[in-house]
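Note sheet for the following structure.
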Amino acid sequence: MATENQMTSGVAGRYAAALFDLARDQGELDSVDQDLGKFQSMLEGSEDLKRLVTSPAFAAEEQDRALKAVMDWASVGATTSNFLRVVARNRRLFATEDMIKNFRQQLAQHRGEMVAEVQSAQPLNDEQLATLKDQLKASFGKDVRLDAKVDPSLLGGLVVKVGSRMFDSSLKTKLMNLKVVLKGTD
């Protein structure tokens, strides 16, 4: 039975809950998580794949065939591959990124962790990620799972979102705040 909470609301939440339950029952939580991470990276790195996933112009059969080829090429496990192909056949591929996010939130909750979404202007190295993880763990008293993304428009600094809290130390925001202050002193 699917986990009933706020994360399972909406299409993405229901699909993520179904995948989570299936992966848990098959003892494949870690491998499905890795496969989803691999697929997320492919999405972020390929405009063609992103277009395939988000565009309603492609027929479900075309999306399914293309996904099968991509999953085979990337050596994605059967559970994740079959899940994504079902999503494609059901015309819900547009919600894949939200499904991945919801799955990871459920996995973190299952493990007693918190999820922190981190955006930075450049990729963070392992040492920086470990330091951030330790600081968040000290602040919140729980293990933290980082979901790091790169957003060059930030120019520098970080934006960290944990639950409903957001910490924005990006250079972009600081410059915008400075602009507002300078406009107010006319």
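List of remarks:
- Förster radius 30 Å - calculated FRET efficiency between Leu22 and Arg165 (Cβ-Cβ, nearest 0.05): 0.45
- Helix axis angle, 126-140 relative to the chain longest principal axis, alpha carbon, degrees: 80 degrees
- Principal axis extents of the C-alpha atoms in the stretch 6-106 (largest first, rounded to whole Å): 32, 28, 22.
- Cleavage-rule hits, trypsin sites (Lys or Arg not before Pro), the stretch 46-93, DSSP coil, Cβ neighbours within 10 Å at most 13: Arg91
- The calculated Kirkwood hydrodynamic radius for the stretch 113-184 is 12.9 Å, given to one decimal from all distinct C-alpha pairs.
- Counted over the stretch 72-138 with a bin width of 10 Å, the fraction of Cα pairs per bin, in whole percents, is 16, 33, 33, 16, 1.
- Relative contact order of the chain, defined on C-alpha pairs under 8 angstrom at six or more residues apart (%): 19 percent
- DSSP-defined beta bridges in the stretch 113-184 - what % are antiparallel, rounded to 5: 55 percent
- Dimensions (Å) - the chain, Cα atoms, principal axes, largest first: 60, 40, 31
- Given their separation in residues at 0.36 nm each and the Cα-Cα distance between them, Ala60 and Leu182 gain 38.7 nm when the chain is fully extended.
Read the figures in this text as sums done on the coordinates, not as results from a lab. Remember, predicted model here, so these are calculated numbers, not experimental data. When we count neighbours, we look across all protein chains shown, and the Cβ atoms used for this are built from the backbone with ideal geometry, even at glycine.
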